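The values are calculated or read from the model by the stated rules, or taken from the named source; none is laboratory data. Keep in mind it's a predicted model, so treat the numbers as computed, not measured. Glycine gets a Cβ as well: all are built from the backbone with ideal geometry, and neighbour counts include every protein chain shown. Heads up: the accessible areas ignore ligands, DNA and RNA and are worked out on the full protein's heavy atoms, side chains in. Shrake-Rupley method; radii C 1.70, N 1.55, O 1.52, S 1.80 Å.
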Amino acid sequence: KNRYENVLAPDHSRVKLRVGNETDYINANYLSGLVAGSEKCYIATQGPLDNTIADFWRMVWEQNVSVIVMLTHEFENGRSKCFKYWVEKSEFVDLQNGIKLLNRDESLGTEMITRELELSDSMQTKKITLIQYLA
């Protein structure tokens, strides 16, 4: 579940998945904010692989993530850097873990794309903003 064999998630600050029948591992770590008590303010993670997309969205769901900032391209120098883990505008997908992902809207700027996404299960809906930098 690691994009790169030599870039592992340090265990002391690793995000652990709560639900599921496979493993609690995802290559993601908590980062502190600038104020005391914000030890889990941010999460840094590698771009998902095609077989870890459901784990990525499970982490977003469990950690109540509301903003995702993507700092890489899908492809760089002819190599895959991040599998496309979102859907196109007005499309939805039913993820393996009982959660549905919907792209409500997106806007293209000169240096970024902003997507307004929704994750939902049978009980609740969570809104997520995905900012993908292009420059």
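Numbers at a glance
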item	result
Selection within region 51-83 - open to solvent by 70 Å² or more (accessible area, probe 1.4 Å), more than 16 Å from Leu17 (Cβ to Cβ) and modelled with pLDDT under 95	Leu71, Phe75, Asn77, Gly78, Arg79, Phe83
Unmet requirement for Asn27, which otherwise passes all of (1) of a type in the set (S, T, N, Q); (2) closer than 20 Å to Asn2 by Cβ; (3) out of contact with any Leu (no Cβ under 8 Å at 6 or more places or on another chain); (4) buried (at least 17 other Cβ atoms within 10 Å of the Cβ)	(3)
Filter pass, Ile131 being of a type outside the set (D, E, K, R), open to solvent by less than 70 Å² (accessible area, probe 1.4 Å) and out of contact with any Ser or Thr (no Cβ under 6 Å at 6 or more places or on another chain)	no
Residues located in region 1-50, provided they are within 25 Å of Gly98 (Cα to Cα) and modelled with pLDDT under 85	Lys1, Asn2, Arg3, Val19, Gly20, Asn21, Glu22, Thr23
Residue count for region 84-113, restricted to those that are touching a residue at least 40 places away in the same chain (Cβ under 8 Å) and either open to solvent by less than 40 Å² (accessible area, probe 1.4 Å) or more than 16 Å from the chain's Cα centre (by Cα) (or both)	4
Listing of strands (runs of 3 or more DSSP E) fully contained in region 31-132 that carry 2 or more residues being charged (D, E, K, R)	100-108, 112-120
